[in-house]
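Visitor: There's a structure below that I have some questions on.
The values are calculated or read from the model by the stated rules, or taken from the named source; none is laboratory data. These figures come from a predicted structure and were not determined experimentally. We place every Cβ from the backbone using ideal geometry, glycine too, and count neighbours over all the protein chains shown. With ligands, DNA and RNA removed, areas are computed over all heavy atoms of the protein, side chains included. Shrake-Rupley method; radii C 1.70, N 1.55, O 1.52, S 1.80 Å.
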Amino acid sequence: MGQWQKYGITTVLEANNGKEAKRLIERESPEIIFTDVKMPEMSGIELIEWLDAISYPGKVILVTVCDDYSYMRKAIQYSSFDYLLKPIEAEALNKALFGAVNAWANEEEERHNKESGFYEDVKSLRMNRVVTAACNREPFDAGQIASCLPQADVYDLALISFYQMHDSDSYIQLLANELCDREWGNAFAFLNDYNLCVVINVHGKSVAVEEWISHHFDVPIRLVSVPLNSLEELPTSFQAAQKEMADQHFRSIHRLTNVDDAMRMHDMVAYVEKYYTEELSLEKLSNRFFLSREHISRRFKQEKGVTLSEYVTQLRIEQAKQWLIQTDEKVYSISIKLGYQDGNFFSKLFKKMVGMTPIEYRKHGKKC
């Protein structure tokens, strides 16, 4: 049914099960992926979750016989491009294919821009992914990590937290280059949180590394160090370092005492306005902006006149209004994109804030 040649598709590959699909994707990097939900070895939901976790750029179209809300929600949650119900009709399939190909083509230039320059050093990005996977307790090859470290029997692991509004990438790359040149170790961006850096250095070099950072970094950071007896223990050491950071057992370099408090609040509000669809909390902001939860709570109320949670709700409802009027997207889809997993809760909250249900608001808005 697929009009492959019409849409410029040159190669069509097939996999018999989910695990085979994963291996095929890793080897061939296809631009468009059609996956069933129910498959042997590995389900389609597990596959799209994996693709989302590694930020796979290809367009994924989920296929299922079940008109099940939970599947639709997963498809949205894991950034699938489209969702097709069986039995699939040629028109629906080719419409989805056409849209996916166009979306891929429109994003290609942006991808090329991101994949050029020092950002796109392929080896560095690959190792950042490997180390991030290891820290997340996913399967990893310790030998692959060892290949980019000086040989040693024992290492130390340091976790560095950067102040939110600073460009951590350039500092991480600077540190990585220095550690490699001196054969002290290496530094890796933690891809789950771009304000965190994982440093693995030869045991006994931690003081020297910290001293170098204090002389060459001009931004505030927080740092904790823990032993790393073997690279196989990387997940355990990383979790220990995270706990030390969360328990406030960190060392500060270039404290924020000289940074204007008003500027920090400006940065924080800007961050909330950018990431309001994600889970935000005083704890999360405290870790990112190097301020106590109590101080943030007090200053946020002074700055915006409402609490953090109230402000986030306001932003979400305003965005919901725009999507309801400007798109035909389903209400449950909008609720998930805004961070609400329960569509009924979102509808009740919307009515409480606006005075009418989302559907009523959409009808009223389109009449106007």
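Visitor: Search the stretch 64-83 for residues being surrounded by fewer than 16 Cβ atoms within 10 Å (Cβ to Cβ) and within 30 Å of Gln5 (Cβ to Cβ), and hand back the single one that is modelled with the lowest pLDDT. Can you show your working first?
Guide: Step one: filter the stretch 64-83 for residues surrounded by fewer than 16 Cβ atoms within 10 Å (Cβ to Cβ), giving 65-70, 77, 79.
Now restrict to residues that are within 30 Å of Gln5 (Cβ to Cβ): 65, 79.
On the way: Val65: 75, Ser79: 70.
Out of the qualifying residues, it is Ser79.
Visitor: Using beta carbons and a limit of 9 Å, which pairs, at least six apart or on different chains, have the first residue in the stretch 85-107 and touching a residue at least 40 places away in the same chain (Cβ under 8 Å) and the second one of a type in the set (Gly, Ala, Ser) and open to solvent by 30 Å² or more (accessible area, probe 1.4 Å)?
Guide: Val101/Gly8
Visitor: Scan the stretch 238-265 and report the pairs whose first residue is at pLDDT 85 or above and whose second residue is among the hydroxyl-bearing types (Ser, Thr, Tyr) and outside any loop (DSSP other than H, G, I, E, B), with Cβ atoms within less than 9 Å and a gap of 6+ or a chain change.
Guide: So the pair list comes out as Ala241/Ser225; Glu244/Ser225; Met245/Ser161; Phe250/Ser161; Arg251/Ser225.
Visitor: Restricting to the stretch 228-249, name every residue that is more than 16 Å from Ala134 (Cα to Cα), of a type outside the set (S, T, N, Q) and open to solvent by 40 Å² or more (accessible area, probe 1.4 Å).
Guide: Once the filter is applied, which keeps residues that are more than 16 Å from Ala134 (Cα to Cα), of a type outside the set (S, T, N, Q) and open to solvent by 40 Å² or more (accessible area, probe 1.4 Å), the stretch 228-249 yields Lys243, Glu244, Ala246, Asp247, His249.
Visitor: Is it the case that Glu279 is part of a loop (DSSP other than H, G, I, E, B), touching a residue at least 40 places away in the same chain (Cβ under 8 Å) and among the acidic types (Asp, Glu)?
Guide: Details: part of a loop (DSSP other than H, G, I, E, B): yes; touching a residue at least 40 places away in the same chain (Cβ under 8 Å): yes; among the acidic types (Asp, Glu): yes.
Against the criterion (part of a loop (DSSP other than H, G, I, E, B), touching a residue at least 40 places away in the same chain (Cβ under 8 Å) and among the acidic types (Asp, Glu)), Glu279 qualifies.
Visitor: Now for a different question. Output the residue which, of all residues in the stretch 34-49 that are assigned to a loop (DSSP other than H, G, I, E, B) and either open to solvent by 40 Å² or more (accessible area, probe 1.4 Å) or touching a residue at least 40 places away in the same chain (Cβ under 8 Å) (or both), is nearest to Pro87 (Cα to Cα).
Guide: Looking at residues that are assigned to a loop (DSSP other than H, G, I, E, B) and either open to solvent by 40 Å² or more (accessible area, probe 1.4 Å) or touching a residue at least 40 places away in the same chain (Cβ under 8 Å) (or both), I get Lys38.
Visitor: Inspect all residues belonging to the stretch 303-312 and state whether any of them is at pLDDT below 85 and under 30 Å from Phe162 (Cα atoms).
Guide: Yes, that holds for at least one residue.
Visitor: Tally time: how many residues in the stretch 312-366 are in contact with a helix residue (DSSP H, G or I) (Cβ under 6 Å, 6 or more places away or on another chain), basic (Lys, Arg) and either within 22 Å of Ser80 (Cα to Cα) or open to solvent by less than 30 Å² (accessible area, probe 1.4 Å) (or both)?
Guide: 0
Visitor: Give me the residue from the stretch 135-189 that is of a type in the set (Val, Ile, Thr) and either open to solvent by 50 Å² or more (accessible area, probe 1.4 Å) or part of a helix (DSSP H, G or I) (or both) and, out of that set, nearest to Ser252 (Cα to Cα).
Guide: Only one residue tops the list, namely Ile172.
Visitor: Okay, moving on. For the stretch 197-225, what are the residues that are in contact with a helix residue (DSSP H, G or I) (Cβ under 8 Å, 6 or more places away or on another chain), among the polar types (S, T, N, Q) and open to solvent by 30 Å² or more (accessible area, probe 1.4 Å)?
Guide: Ser225 - this is the single residue of the stretch 197-225 that is in contact with a helix residue (DSSP H, G or I) (Cβ under 8 Å, 6 or more places away or on another chain), among the polar types (S, T, N, Q) and open to solvent by 30 Å² or more (accessible area, probe 1.4 Å).
Visitor: Yes or no: the stretch 21-33 includes at least one residue that is hydroxyl-bearing (Ser, Thr, Tyr), open to solvent by 40 Å² or more (accessible area, probe 1.4 Å), within 28 Å of Asn192 (Cβ to Cβ) and at pLDDT below 90.
Guide: Yes, the stretch 21-33 has at least one match.
Visitor: Please go through the stretch 274-311 and pick out each residue that is over 13 Å from Lys337 (Cα atoms), open to solvent by 40 Å² or more (accessible area, probe 1.4 Å) and within 24 Å of the chain's Cα centre (by Cα).
Guide: Once the filter is applied, which keeps residues that are over 13 Å from Lys337 (Cα atoms), open to solvent by 40 Å² or more (accessible area, probe 1.4 Å) and within 24 Å of the chain's Cα centre (by Cα), the stretch 274-311 yields Lys274, Ser281, Leu282, Glu283, Lys284, Asn287, Arg293, Ser309.
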